[in-house]
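The values are calculated or read from the model by the stated rules, or taken from the named source; none is laboratory data. Source: prediction; values computed, not measured. With ideal geometry, Cβ positions are generated from the backbone for all residues, glycine too; neighbour counts draw on all protein chains shown. Surface areas here come from the heavy atoms of the whole protein model, side chains and all, with no ligands, DNA or RNA. Shrake-Rupley method; radii C 1.70, N 1.55, O 1.52, S 1.80 Å.
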Amino acid sequence: MSEASILGELRAIVGDDGLISAPEDLRTYECDGLTNFRVMPWAVVLVRSTEEVQAVVRICHRERIPFVARGSGTGLSGGALPVAGGIVISLARMNRILEVDLPNARMVVEPGVINIDVTGRVSRYDFIYAPDPSSQVVCSIGGNVAENSGGAHCLKYGFTTTHVLGLEVVLPDGALAHLGSKTLDAPGYDLCGVFVGSEGTLGIATKITLRIVKRPETIQTMMAAFATTNEAGAAVSGIIAAGMLAAAMEMMDRLATKAAEEAVHANYPDCGAVLLVELDGPVAEVEALMPRVIAICREHGAIETRVAQTDVERALLWKGRKASIAAMGRLSPNYILQDGVIPRTALPQILSEIDQLSAESGLRVANVFHAGDGNLHPLVLYDARIEGQEHAAEVVAQRILELCIEKGGSLTGEHGIGAEKIHMMEKMFSEPDLDTMQRVRCAFDPLRLSNPTKIFPRPRMCGEAPGEYKPHPLEIAGVAERF
Ligand SMILES: Cc1cc2nc3c(=O)[nH]c(=O)nc-3n(C[C@H](O)[C@H](O)[C@H](O)COP(=O)(O)OP(=O)(O)OC[C@H]3O[C@@H](n4cnc5c(N)ncnc54)[C@H](O)[C@@H]3O)c2cc1C
């Protein structure tokens with residue numbers, strides 16, 4: 001079928017205002033939050049219903065056109081990066097909250113609903129949706145599901161996967177499947193769990209059943225200042241070793257604190273590391289535990305501890321943390337934000353290794369951590385106008401991830417593999433590990449149409465036998481390339 005006819009079919013499904021195909025308009029969709037990766041799509045469709053998603057995907061299937069789902073485009077690993085010649089399916093207009101079921105503590109939402117609006121709808125009944133990525137005022141629930149997003153409070157409440165009970169999914173051939181259910185334990189394979197975190201490679205989520213939880217009776221937030229990140233890290237381990245499960249434990253080093261302070265005046269002291277510890281739960285429990293948390297921080301060298309006395313003070317402490325990454329632009333014209341995970345106990349060691357990398361490269365590295373989870377967000381600062389600095393920053397950023405893997409950690413805590421970390425997958429996973437993942441993918445998407453250029457370093461054709469990958473002689477000769 002001709003391109004014009006296919007565009008005509010798409011227009012008939014989504015209407016004139018739902019189809020974008022002019023190059024100047026497509027630019028908006030050429031990247032996500034990882035702006036150094038850019039690919040122009042062939043077309044973008046803005047769908048309004050499950051039926052429209054199905055109709056568009058059926059055309060893609062018939063014509064063998066790759067497609068990429070897009071929520072708000074805030075992803076930081078290039079997950080929503082288009083495929084050349086492919087279609088971007090924007091879910092932003094599917095933004096209705098379909099059901100609120102307070103007695104059963106669940107809600108059904110469309111994928112384009114913004115994270116913070118879920119809590120917004122139920123907060124007057126004292127319910128919250130717990131996963132709270134720092135981007136929660138803009139990112140969509142569909143994107144959160146695809147990335148299995150985390151946030152400061154996921155330490156206690158769990159990542160997105162803990163809060164997704166069921167999914168309606170348009171499969172890559174346009175069929176509709178229902179994964180999981182509204183109850184807590186659906187029989188059969190946990191396909192809902194498989195889909196969460198699959199980065200758009202298994203189909204498109206069109207309805208999501210979420211678990212909501214009661215707002216805790218009280219919340220207390222404490223800021224502790226330390227001379228060094230090592231001391232702050234030791235305090236985190238001390239709190240966990242004492243058997244306390246904080247709602248959140250977040251850490252910033254000197255550079256990150258400075259950037260946050262300059263941006264939002266959070267009233268952080270000038271120190272080597274700031275640790276925020278939040279406790280929530282029944283009043284009696286929180287009041288009993290907070291003095292113990294403070295005592296542990298002091299034992300590990302805290303030079304100042306301060307418990308927020310009002311909601312305004314508490315919000316200000318969090319404002320600094322949430323702004324710390326974006327605020328880095330005040331300290332450096334460019335930076336690479338990394339996302340890796342280490343076992344918590346490896347924190348002091350990796351920090352000294354990062355310091356060493358920084359000294360060797362002459363590049364400053366700021367550190368922001370979800371300290372309780374061992375999730376690091378190092379920011380490698382550089383100036384792209386200085387020749388060679390961008391490359392040097394990439395080398396440092398990559399080495400930090402290698403260190404995470406060497407310490408038994410992971411390539412990503414919450415931002416996903418996307419297009420960015422494909423080349424690192426083989427450092428973390430063996431060939432059989434990757435094969436197993438790819439066979440799952442093939443079961444959902446045998447034609448490899450759904451976000452095909454993400455996650456896997458060497459996508460397998462679904463007819464291939466498992467086992468060690470053997471390149472075709474033409475690939476070895478450099479005559480043909482596998483996409
Ligand atoms: C300032 C800032 C702070 C951030 N902080 C955090 C943080 O604290 N924690 C965290 O986890 N992330 C964070 N992120 C990253 C990002 O916000 C999350 O990954 C978020 O979940 C992406 O949502 P989105 O709607 O923007 O998705 P997009 O970027 O549009 O898409 C992300 C992925 O989801 C897929 N996708 C989107 N919708 C669907 C759907 N309906 N069905 C199937 N696949 C779909 C896309 O194909 C893509 O692979 C941050 C980003 C920024 C810019």
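Hey, among THR229, THR209, THR221, which residue is hydroxyl-bearing (Ser, Thr, Tyr) and open to solvent by less than 10 Å² (accessible area, probe 1.4 Å)?
None of the other options fit; the residue is THR221.
So how many residues does the stretch 232-274 have that are touching a Ser or Thr at 6+ places or on another chain (Cβ under 6 Å) and either under 28 Å from ALA288 (Cα atoms) or surrounded by fewer than 24 Cβ atoms within 10 Å (Cβ to Cβ) (or both)?
Residues in the stretch 232-274 being touching a Ser or Thr at 6+ places or on another chain (Cβ under 6 Å) and either under 28 Å from ALA288 (Cα atoms) or surrounded by fewer than 24 Cβ atoms within 10 Å (Cβ to Cβ) (or both): 5 in total.
Could you check the stretch 334-372 and list, in sequence order, the residues that are open to solvent by 10 Å² or more (accessible area, probe 1.4 Å), within 16 Å of the ligand (Cβ to nearest atom) and farther than 20 Å from THR74 by Cβ?
VAL341
Given the residues VAL479, VAL440, which is the only one that is at pLDDT 95 or above and open to solvent by 20 Å² or more (accessible area, probe 1.4 Å)?
The unique qualifying residue is VAL440.
Scan the stretch 374-391 and tell me whether some residue there is in a helix (DSSP H, G or I), among the hydrophobic types (A, V, I, L, M, F, W, C), at pLDDT below 95 and surrounded by 15 or more Cβ atoms within 10 Å (Cβ to Cβ).
No.
Under the condition of being part of a loop (DSSP other than H, G, I, E, B) and aliphatic (A, V, I, L, M), which residue from the stretch 11-59 is least open to solvent (accessible area, probe 1.4 Å)?
Of the stretch 11-59, the ones part of a loop (DSSP other than H, G, I, E, B) are 15, 21-22, 30-42, 47-49.
Among the residues that remain, those that are also aliphatic (A, V, I, L, M) are: 22, 34, 39-40, 47.
Values: ALA22: 31, LEU34: 24, VAL39: 40, MET40: 61, VAL47: 0 Å².
So, considering only residues that are part of a loop (DSSP other than H, G, I, E, B) and aliphatic (A, V, I, L, M), the one least open to solvent (accessible area, probe 1.4 Å) is VAL47.
If ARG292 satisfies every condition in (1) out of contact with any Cys (no Cβ under 9 Å at 6 or more places or on another chain); (2) surrounded by 19 or more Cβ atoms within 10 Å (Cβ to Cβ); (3) at pLDDT 95 or above but one, which is the exception?
The failed condition is (2).
Kindly indicate whether any position in the stretch 411-424 is under 26 Å from GLY200 (Cβ atoms), in a strand (DSSP E or B) and in contact (Cβ under 8 Å) with a residue 24 or more places away in the chain.
No: the stretch 411-424 contains no residue that is under 26 Å from GLY200 (Cβ atoms), in a strand (DSSP E or B) and in contact (Cβ under 8 Å) with a residue 24 or more places away in the chain.
Take the residues in the stretch 295-333 that are touching a helix residue (DSSP H, G or I) at 6+ places or on another chain (Cβ under 6 Å) and in a helix (DSSP H, G or I), then tell me which one is most open to solvent (accessible area, probe 1.4 Å).
It comes out as ARG330.
Suppose the filter is touching a Pro at 6+ places or on another chain (Cβ under 9 Å) and in contact (Cβ under 8 Å) with a residue 40 or more places away in the chain; does ILE354 pass it?
Details: touching a Pro at 6+ places or on another chain (Cβ under 9 Å): yes; in contact (Cβ under 8 Å) with a residue 40 or more places away in the chain: yes.
For ILE354, the condition - touching a Pro at 6+ places or on another chain (Cβ under 9 Å) and in contact (Cβ under 8 Å) with a residue 40 or more places away in the chain - is met.
Output yes when any residue across the stretch 278-292 is within 16 Å of the ligand (Cβ to nearest atom) and either among the β-branched types (Val, Ile, Thr) or within 21 Å of PRO348 (Cβ to Cβ) (or both), and no when none is. Steps first, answer last, please.
Step one: list which residues in the stretch 278-292 are within 16 Å of the ligand (Cβ to nearest atom), which gives 278.
Checking which are either among the β-branched types (Val, Ile, Thr) or within 21 Å of PRO348 (Cβ to Cβ) (or both) leaves us with none.
Within the stretch 278-292, none of the residues are within 16 Å of the ligand (Cβ to nearest atom) and either among the β-branched types (Val, Ile, Thr) or within 21 Å of PRO348 (Cβ to Cβ) (or both).
Within the stretch 61-77, can you find the residues that are buried (at least 24 other Cβ atoms within 10 Å of the Cβ) and more than 8 Å from the ligand (Cβ to nearest atom)?
PHE67
Consider only pairs whose beta carbons are under 7 Å apart and that are at least six residues apart or on different chains; among these, list those whose first residue lies in the stretch 92-114 and is of a type in the set (Lys, Arg) and whose second residue is modelled with pLDDT of 95 or more and open to solvent by 50 Å² or more (accessible area, probe 1.4 Å).
What qualifies is ARG93/ARG48; ARG106/ARG211.
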